Ligand code: AMP
């Protein structure tokens, strides 16, 4: 069974073709700068699957429709492709960021599901409309092929009301559905399942704190294999500070800025989403640049890194109190998988919580699941590379079965 996974952003389109029988990725690609004068497509074909290992196209993609057409031509192209015809694709899995309170689990897409995803757009104005474009174009191009929506919010649906309700007038929840939803759910779920396997426990036995630390950062408290709390909220802006997002700040800062700086709501929103986080403190949002700057004595970079580590430690403390006896901390995503210094600093001085890292085991980037805790550590520390595409493909398969 071949599943095509589509992750459609506002100006980008990520895709992957997976063969579920062999469990292998056949091709993976990214179209960037859709709608701009110059666009770029890069596709990597797995060795032995195609005549060309890498395909690159620099050309304008006026819209998602044009981008998807080119992708389909390349994936099924004689020289560039990995399948003879798109009729070999058995199903399509779409990443959808916000399922809201109407779409709880992965679901076969029909007109009703499309309408519900659209109705959830106000809750995720940056992502859901882009995800919808991908769905609409794919439904047109792959008519008759079953398509499944897999939601970022899904894994967090098990949070109890006392964790997902904000302490604002309750009517704002019932009227506008303002509550904590959480994001990166496919990633948190994937590493949770992997961690259970590595720990030799069944899923409903594991208590974890999962740390998805990439450009966007989120953490989840997992008790008995289920999410009971997460750091992101109504939107992916809250929780720990991120590359360019502020994370949690005093909400009164918003009206303060609007008054003092005479900024519009849109300006405040843009500053908190795009000019804050690590970038807001030191001008850089890539951890590699920040480490290099710290090594050269850059004080702002050092402050940004100190803040990042401190905020994550505080979330570990908060989640430690609610997961029950903790089995493991699980690091994933760009920083979590690759940055041994940040992992080490997050885990430092937590021996009193039974968390002790082993510097040798922790050293370097981790391309596969690795335990990095010391023998005497009560809590395991695992680095597990995330695989959101595989998780989406598996969820798609689950719905079809
Ligand atoms: P992601 O959003 O998961 O793709 O993560 C992207 C982020 O991971 C980048 O912005 C970097 O901050 C971080 N990253 C990637 N590779 C490394 C590395 N070798 N060392 C430190 N940070 C890294």
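Keeping to region 79-102, report how many residues are closer than 22 Å to residue 177 by Cβ, in contact with a strand residue (DSSP E or B) (Cβ under 6 Å, 6 or more places away or on another chain) and assigned to a loop (DSSP other than H, G, I, E, B).
1
Residue by residue through region 290-310, note down the ones that are surrounded by fewer than 20 Cβ atoms within 10 Å (Cβ to Cβ) and in contact (Cβ under 8 Å) with a residue 12 or more places away in the chain.
Scanning region 290-310 gives 291, 298, 300, 303, 307, 309.
Residues to consider are 375, 358; find the one that is more than 12 Å from the ligand (Cβ to nearest atom), touching a strand residue (DSSP E or B) at 6+ places or on another chain (Cβ under 7 Å) and over 23 Å from residue 241 (Cα atoms).
Testing whether each residue is more than 12 Å from the ligand (Cβ to nearest atom), touching a strand residue (DSSP E or B) at 6+ places or on another chain (Cβ under 7 Å) and over 23 Å from residue 241 (Cα atoms) leaves just 358.
Given the conditions (1) more than 16 Å from the ligand (Cβ to nearest atom); (2) buried (at least 18 other Cβ atoms within 10 Å of the Cβ); (3) free of Cβ contacts under 8 Å to residues at least 40 places away in the same chain, which single one is not true for residue 284?
With respect to (1) more than 16 Å from the ligand (Cβ to nearest atom); (2) buried (at least 18 other Cβ atoms within 10 Å of the Cβ); (3) free of Cβ contacts under 8 Å to residues at least 40 places away in the same chain, residue 284 is out only on (1).
Looking only at region 191-225, filter to residues that are within 13 Å of the ligand (Cβ to nearest atom) and surrounded by fewer than 24 Cβ atoms within 10 Å (Cβ to Cβ); which one of those is farthest from residue 127 (Cα to Cα)?
So the residue we want is 214.
Go through (1) within 16 Å of the ligand (Cβ to nearest atom); (2) surrounded by 19 or more Cβ atoms within 10 Å (Cβ to Cβ); (3) assigned to a helix (DSSP H, G or I) one by one and return the number of the condition residue 386 breaks.
With respect to (1) within 16 Å of the ligand (Cβ to nearest atom); (2) surrounded by 19 or more Cβ atoms within 10 Å (Cβ to Cβ); (3) assigned to a helix (DSSP H, G or I), residue 386 is out only on (3).
Only residues that are in a helix (DSSP H, G or I), surrounded by 13 or more Cβ atoms within 10 Å (Cβ to Cβ) and out of contact with any helix residue (DSSP H, G or I) (no Cβ under 9 Å at 6 or more places or on another chain): list them for region 342-374, please.
Matches in region 342-374: 351, 361.
When only residues in region 30-43 that are buried (at least 21 other Cβ atoms within 10 Å of the Cβ) and assigned to a strand (DSSP E or B) count, which is nearest to the chain's Cα centre (by Cα)?
For region 30-43, the residue satisfying everything is 31.
Only the coordinates and a few stated rules stand behind these numbers; no lab work does. Note that this is a predicted model, so its numbers are computed, not measured. Cβ atoms come from the backbone with ideal geometry, glycine included; neighbour counts cover every protein chain shown.
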